[in-house]
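Notes for the one structure printed next.
The values are calculated or read from the model by the stated rules, or taken from the named source; none is laboratory data. It should be emphasised that the depicted structure is a prediction, and the values quoted were computed from it without experimental measurement. With ideal geometry, Cβ positions are generated from the backbone for all residues, glycine too; neighbour counts draw on all protein chains shown. For the accessible areas, the whole protein counts, side chains as well, though only heavy atoms, and no ligand, DNA or RNA atoms are used. Shrake-Rupley method; radii C 1.70, N 1.55, O 1.52, S 1.80 Å.
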Amino acid sequence: MQHFLSLDETTRKQLDHLFDVAYKLRDQRLAGQPNEPILAGKTLAMMFEKPSLRTRVSFHQAIIELGGHAIRLGWEEVGLGKREHPADVTRVLSGLVHGIMARVYEHQKLIDLATHSTIPVINALSDESHPCQALADVMTMMDEFGRDLSGRTLAYVGDGNNVARSLGMICARFDMNFVLASPQGYELAPQMVEHIRSQTPGMKLDMTHDPVEAVRHADAVYTDTWVSMGQEAESAKRREAFKDYQINDQLIAAAPSHAIVLHCLPAYRDVEITSAIIDGSRSRVFPQAHNRLHAQKGLLAVLMGGV
Ligand code: CP
Ligand code: NVA
């Protein structure tokens, strides 16, 4: 694995290895032992065009616990594509640090960084995808259902956005079914659906406008904000369009009794998901957020540590 820009370029074999490493490192940590200093002497440069809590802290903490360092670059200071051409930024960083992670609006900026980089580039969220989140989400489902997720169903109720795209792709990699319930106009694009299906012939990927139908056979029910970063001007319109898609007691009552609830966070409580559900017994939202650390340790160990 050279870069981690999307799950498209990542094989099932690579993901299995990444999770083997992630679980080993997590077990060490939970046993109170320090992790091996796999990234001793290595530095990750992190840049954010959008806000972040989980991604920033989990990456920084992951690299510290693996014996390395992180530098947070100010977005305006770097001026990617404004002060300096991405090719020059990345050529310079390639000789100074050992990995780059970036959160951007346009996915093309990540491609531009990776194209000229001799060190790994990691997608910390773009308008197109959020593959690091999907790693933690799969790990959380593995915690619940075991490492073999084949035949399990993830029902995503909400916006067909960056998070939904990466989830669809990772479901394909793990032979899972993926059902997406969204209002008209907020589905996954047909080309994306075809692309995901083409990854695993025979994959069950359904789209519906009925959230109850979507969750009926779900092992996990997932939602994300209805208003992603950068869409704030559409807030009122989106809240109206999605108002029947809230994850609440009534919807969860239609899911199998073993189904868990996931949300990548940040959540608008009592908008796309009720507080009662986030704080309730079906929720795995906080272990899911903590798995960002563990899954990304696996990613960093593989990408930057050659494990
Ligand atoms: N889920 C997630 O990526 O959270 P942040 O935006 O806080 O990093
Ligand atoms: N879809 C959300 C995810 C936040 C982690 C966004 O892009 O803002």
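For the subset of region 115-132 comprising residues that are within 16 Å of ligand 1 (Cβ to nearest atom) and of a type in the set (Gly, Ala, Ser), which member is surrounded by the most Cβ atoms within 10 Å (Cβ to Cβ)?
Within region 115-132, the first condition is being within 16 Å of ligand 1 (Cβ to nearest atom), and the residues that meet it are 122-132.
Among the residues that remain, those that are also of a type in the set (Gly, Ala, Ser) are: 124, 126, 129.
Values: 124: 27, 126: 23, 129: 25.
Going through the qualifying residues, I end up with 124.
Sort out which residues of region 30-66 are within 16 Å of ligand 2 (Cβ to nearest atom) and either within 19 Å of residue 120 (Cβ to Cβ) or surrounded by 13 or more Cβ atoms within 10 Å (Cβ to Cβ) (or both), and write them in order of number.
Step one: filter region 30-66 for residues within 16 Å of ligand 2 (Cβ to nearest atom), giving 46, 48-59.
If the condition is that a residue be within 16 Å of ligand 2 (Cβ to nearest atom) and either within 19 Å of residue 120 (Cβ to Cβ) or surrounded by 13 or more Cβ atoms within 10 Å (Cβ to Cβ) (or both), then 46, 48, 49, 50, 52, 54, 55, 56, 57, 58, 59 are the ones that fit.
Test residue 250 against the stated conditions and say whether it is among the polar types (S, T, N, Q), out of contact with any strand residue (DSSP E or B) (no Cβ under 9 Å at 6 or more places or on another chain) and either crowded, with 17+ Cβ neighbours inside 10 Å or closer than 25 Å to residue 141 by Cβ (or both).
Yes.
Within region 100-114, how many residues are aliphatic (A, V, I, L, M) and either assigned to a loop (DSSP other than H, G, I, E, B) or open to solvent by 70 Å² or more (accessible area, probe 1.4 Å) (or both)? Walk me through it before giving the result.
Residues of region 100-114 aliphatic (A, V, I, L, M): 100-102, 104, 110-111, 113-114.
Subsequent filtering for residues that are either assigned to a loop (DSSP other than H, G, I, E, B) or open to solvent by 70 Å² or more (accessible area, probe 1.4 Å) (or both) retains 104.
So the answer is 1.
Scan region 201-208 and give yes if some residue there is open to solvent by 20 Å² or more (accessible area, probe 1.4 Å), aliphatic (A, V, I, L, M), more than 16 Å from ligand 2 (Cβ to nearest atom) and in a strand (DSSP E or B), otherwise no.
Yes: region 201-208 contains one or more residues that are open to solvent by 20 Å² or more (accessible area, probe 1.4 Å), aliphatic (A, V, I, L, M), more than 16 Å from ligand 2 (Cβ to nearest atom) and in a strand (DSSP E or B).
Does residue 70 fit the bill of being farther than 16 Å from residue 293 by Cβ, free of Cβ contacts under 8 Å to residues at least 60 places away in the same chain and in contact with a helix residue (DSSP H, G or I) (Cβ under 6 Å, 6 or more places away or on another chain)?
On the way: farther than 16 Å from residue 293 by Cβ: no; free of Cβ contacts under 8 Å to residues at least 60 places away in the same chain: yes; in contact with a helix residue (DSSP H, G or I) (Cβ under 6 Å, 6 or more places away or on another chain): yes.
For residue 70, the condition - farther than 16 Å from residue 293 by Cβ, free of Cβ contacts under 8 Å to residues at least 60 places away in the same chain and in contact with a helix residue (DSSP H, G or I) (Cβ under 6 Å, 6 or more places away or on another chain) - is not met.
For region 133-176: of the residues being closer than 27 Å to residue 249 by Cβ and among the charged types (D, E, K, R), which is farthest from ligand 1 (Cβ to nearest atom)?
152
Examine region 258-268 for a residue that is within 14 Å of ligand 1 (Cβ to nearest atom), out of contact with any helix residue (DSSP H, G or I) (no Cβ under 7 Å at 6 or more places or on another chain) and either part of a loop (DSSP other than H, G, I, E, B) or aliphatic (A, V, I, L, M) (or both), and state whether such a residue exists.
So far as region 258-268 goes, yes, one or more of its residues are within 14 Å of ligand 1 (Cβ to nearest atom), out of contact with any helix residue (DSSP H, G or I) (no Cβ under 7 Å at 6 or more places or on another chain) and either part of a loop (DSSP other than H, G, I, E, B) or aliphatic (A, V, I, L, M) (or both).
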